[in-house]
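Here the structure is laid out as structure tokens; the discussion comes afterwards.
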Amino acid sequence: MNTTIRPQFKFDNTFARGMEGFFSNCQAESANTPRWLQFNHALAEELGLDAVALDSEAGLAIFSGNTAPEGSQPIAQAYAGHQFGGFSPQLGDGRALLLGEVIDIQQRRRDIQLKGSGRTPFSRGGDGKAAIGPVLREYLVGEAMQALGVPTTRALAAVSTGNDVYRETTLPGAILTRVAASHIRVGTFQYAAARRDEDKVRQLADYSITRHYPDTANAENPYLAFFAAVADAQASLVARWMGIGFIHGVMNTDNMTISGETIDYGPCAFMDSYSPGTVFSSIDHGGRYAYENQPEILIWNLARLAETLIPFVDPKQEKAVEILTETIECIKPLYESYWLTGMRAKIGLSTEDPSDVQLINDLLKTMDKGSADFTLVFRHLSQALRGDSNLVRGLFKNPTDFDAWEQRWWRRFEQDGISAETSAQAMDSVNPIYIPRNHKVEEALAAAVYKEDLIPFKKLLAVLAHPFDEFEGNEDYAEPAPPTQIPYKTFCGT
Ligand code: AMP
Ligand code: MG
């Protein structure tokens, strides 16, 4: 990394400038024969970059780590984290490098990070690399989440490096260029707190307030308000996950961002048939991060953040704990209100009735009992409003259970007084027809990895860019996996 090309990125690296102690300066390893896999023109433009100029050999040199773009100060960030409940005081970017921060065209500060660019001081026993499969998975799922309206890190570029990566087999290496509101995690706070460095925790909190929640600086108790703001963002996020059947798979505290964006698409997957205990990850033996556990884990993780903030919430420790505990107790009802708002919209309701929670939970129970596809039940409900219930009832093993629920739903719907077509359209705008179906993702990744064929990946990416708009010819992408491909397992994105 010693040549520079003409400036593309207008870096303004506040983290590297001001957050000494939270990072190590570091360089990317060189890539033997970099090749383009995918470039995100629209995102490049959103970032205020010259997309055409970057979609080139010069861009490839940057996104493969072979050339440091002018103005970048590559750093590996430090963080700690609870992984599956056990605390590691030092994790950090073992295979990622923050190139720097840019201000996008909407004046938002965004991190540009290379993931898979080689070893760093935080690599521990790892090789610092990423294989093509997990890189393309993160690209696909992250961009799908964006199109679904879920806060997420984004993918700016994916390139193969030409270097081998050794896992169970030898795999082609790749680098993802990830864009995030920031990469500050609950685990970043834990890193300083574990070192009993109160000044550093406070400095990180002040930095995070300025960067993510500037209004909380003016609150009566800014650090409490900051905690409440993070809790709100994460509660809203997890409610969105639940509404689309998304299972993150590895909700460790180092994978929960302070910004409230979804990060780290390793063993994640979308549920096909509804079953609240669903776990896809091969390493999640106890089912800690099962679909139904995500709201509880959200609160558990936020409690770990709260612990780091105790000294700044009140000079009396007992008082601080009391105040923070009160705020933590508000997260469950807060999450539930986000969830209920989302679920009401999913079943086409625009008013509120106390019976709605029961109505929604009874639908979920019926889906569970009837092994009905989560995504398609909600999507096809709008057809019932348009007069055709066959599609949706056909998704249940025992359609008469659904019929009984449908009667109740109609009665509740009529109480709303909105025209069926208006509601059906509103439902179609919140209930996707296309999600990253596990078998489709695997098919796309296998073609890319084993046949160097990127066409299935590119096609899937294009379909997922418009998850709510049904297109003729794309029926295949809406279908659940054939029974032969169930149960599906995911493996950690290393
Ligand atoms: P993740 O499971 O991707 O959230 O990563 C958990 C921790 O392991 C982070 O500190 C990563 O940087 C680190 N890590 C994961 N894979 C590798 C790798 N191949 N080389 C070095 N560090 C890694
Ligand atoms: Mg991680």
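The values are calculated or read from the model by the stated rules, or taken from the named source; none is laboratory data. Keep in mind the model is a prediction, meaning the values are calculated, not measured. Cβ coordinates were reconstructed from backbone atoms using ideal geometry, including for glycine residues, and neighbour counts include every protein chain displayed. Quick note on the areas: whole protein, heavy atoms, side chains included, nothing else; ligands and nucleic acids left out. Shrake-Rupley method; radii C 1.70, N 1.55, O 1.52, S 1.80 Å.
So how much slack lies between TYR166 and GLU220, counting 0.36 nm per residue of separation and subtracting their Cα-Cα distance, in nm?
Additional length available on full extension: 14.2 nm.
Between the range 458-491 and the range 118-194, what is the separation of their alpha carbon centroids in Å?
23 Å
Debye calculation, C-alpha points only, no solvent: report log10 I(q)/I(0) for the range 367-494 at q = 0.14, 0.22 Å⁻¹, in the same order as the q values.
Taken in order of the listed q values, log10 I(q)/I(0) reads -0.73, -1.33.
Give me Rg over Rh for the range 205-361, both radii from the alpha carbons and Rh done the Kirkwood way, two decimal places.
Dividing the radius of gyration by the Kirkwood radius yields 1.00.
Run the numbers for GLN27 and ASP206: contour at 0.36 nm per residue of separation, minus the present Cα-Cα distance, in nm.
61.6 nm
Rg/Rh for the chain to two decimals, with Rh computed the Kirkwood way over all alpha-carbon pairs.
Rg/Rh: 0.97.
I'd like the trypsin sites (Lys or Arg not before Pro) in the range 188-221 restricted to DSSP loop residues with at most 12 other Cβ atoms within 10 Å, sorted by number.
ARG196
Label-point separation (nm) for GLN107 and GLN358, each offset 7 Å from Cα along Cα-to-Cβ?
Result: 4.9 nm between the two label points.
How much of the accessible area of the range 343-389, in percent, comes from carbon and sulfur atoms when a 1.4 Å probe is used?
Exposed carbon and sulfur together represent 48 percent of the surface.
With the other protein chains left in place, how much accessible area per residue, in square angstrom, belongs to the range 285-425 at a 1.4 angstrom probe?
Ligands and nucleic acids excluded, the result is 48 Å² per residue.
If you average the sequence gap of Cα pairs under 8 Å that are 6 or more apart and divide by the length of the range 224-383, what percent do you get for the contact order?
Over the range 224-383, the number comes to 30 percent.
Given the rule -39500 (n - 2.57) for each run of at least 4 DSSP H residues, summed and divided by the residues of the chain, what is its mean residue ellipticity at 222 nm, to the nearest 500 deg cm²/dmol?
Counting only the DSSP helices, I get -13500 deg cm²/dmol.
Measuring with a 1.4 Å probe in the full set of protein chains, what accessible area per residue, in whole Å², belongs to the range 75-157?
28 Å²
Quick one: which of LYS365/LYS458; LYS346/LYS397; LYS332/LYS458; LYS10/LYS200 span more than 30 angstrom between C-alpha atoms?
Check vs 30 Å cut-off fails for LYS365/LYS458; LYS332/LYS458.
Mind grabbing the accessible area of HIS439 for me, 1.4 Å probe, Å², rounded to tens?
My reading of the accessible area for HIS439 is about 20 Å².
Given Cα positions, please report Rg to Rh for the range 23-170, the hydrodynamic radius being the Kirkwood one.
In the range 23-170, Rg relative to Rh is 0.96.
If I require 24 Å or longer along the helix axis, counting alpha carbons, and a Kyte-Doolittle average no lower than 1.0, what helices from the chain are left? Use full DSSP H segments.
Those that pass (Cα extent of 24 Å or more, hydropathy at least 1.0) are 222-244.
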